Amino acid sequence: HLLEDVWRLFEVETFVFQSVRRYDRHPEHYEDWPATLVALSQSGHLDRRRLLDACRQAIGAEFSNAAITGFIYLHERLELTDDEIAAGQGPYLELLSSRKSHVVTFALDVLGGLEKDSRLDGEGFLNNAKSVFGLKPKSQPKAVLSLAAKIVKRQPELVPQAVELATEALTHESVDVQEQAAG
């Protein structure tokens, strides 16, 4: 049964989730893999939660950047509700430890949306975000510090964990990151 084998797509290096839209006379009738899996999920033929879990796990896997970008694209096509994201924020927190900056950016975008709604697990974020300061680019570390500042405004009891995070940020090679951490 083909639907039983679809889960293998999340376990191997694949490029089927990248949107290579074929524009012919009727592009609205063309369905790529992400659209097909979303439709199968909406019709009840694929378990949505399992699909989401498989997608998040693949985003954190040791695949090429191109393959991971395809999984991120599928994630976006799933159009998660705020409740789905809030209930499953653990995997996004784990993605902060990725060595791939675009994976960390993806996780920070999702987690930042949760913080806007005051639904981010502040303690979980502060405990998982330290590894971001090992990334060479400065945009992700700066985003971590900005999120940490918002968290402590909402949850002042987490100031000690935020100070620990800022101390870790002082080790980053970028002076901009160090200045933001010291400020």
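The values are calculated or read from the model by the stated rules, or taken from the named source; none is laboratory data. Computed from a predicted model, the values in this text were never measured in an experiment. Note that we place each Cβ from the backbone using ideal geometry, even for glycine, and neighbour counts take in every protein chain shown. Only protein heavy atoms, including side chains, enter the accessible area calculation; ligands, DNA and RNA are left aside. Shrake-Rupley method; radii C 1.70, N 1.55, O 1.52, S 1.80 Å.
What to note about this one:
- Flag if Tyr92 is among the hydroxyl-bearing types (Ser, Thr, Tyr), over 27 Å from Ala182 (Cβ atoms) and either touching a residue at least 60 places away in the same chain (Cβ under 8 Å) or open to solvent by 50 Å² or more (accessible area, probe 1.4 Å) (or both): no
- The requirement of being open to solvent by 60 Å² or more (accessible area, probe 1.4 Å), part of a loop (DSSP other than H, G, I, E, B), on the phi > 0 side of the Ramachandran plot and modelled with pLDDT under 95 is not satisfied by Glu31.
- Against the conditions (1) open to solvent by 50 Å² or more (accessible area, probe 1.4 Å); (2) in contact with a helix residue (DSSP H, G or I) (Cβ under 8 Å, 6 or more places away or on another chain); (3) under 29 Å from Arg8 (Cβ atoms), Ser139 satisfies every one except (3).
- Entry remark, segment 67-94: residues being within 19 Å of Ser41 (Cβ to Cβ) and among the aliphatic types (A, V, I, L, M) number 6 in total.
- Scanning segment 48-65 for residues that are of a type outside the set (Lys, Arg) and either touching a Gly at 6+ places or on another chain (Cβ under 8 Å) or in a helix (DSSP H, G or I) (or both) yields Leu51, Leu52, Asp53, Ala54, Cys55, Gln57, Ala58, Ile59, Asn65.
- The conditions of being out of contact with any Cys (no Cβ under 8 Å at 6 or more places or on another chain) and open to solvent by less than 30 Å² (accessible area, probe 1.4 Å) are met by Phe106.
- Some residue of segment 166-173 being closer than 21 Å to Ile68 by Cα and of a type in the set (S, T, N, Q): no
- Qualifying residue in segment 73-82 (condition: closer than 23 Å to Ala58 by Cβ, crowded, with 22+ Cβ neighbours inside 10 Å and not basic (Lys, Arg)): yes
- Once segment 122-173 is narrowed to residues that are in contact with a Pro (Cβ under 7 Å, 6 or more places away or on another chain) and part of a loop (DSSP other than H, G, I, E, B), the residue that is farthest from Leu96 (Cα to Cα) is His172.
- Condition check for Leu147: open to solvent by 10 Å² or more (accessible area, probe 1.4 Å), touching a Phe, Trp or Tyr at 6+ places or on another chain (Cβ under 9 Å) and among the hydrophobic types (A, V, I, L, M, F, W, C): yes
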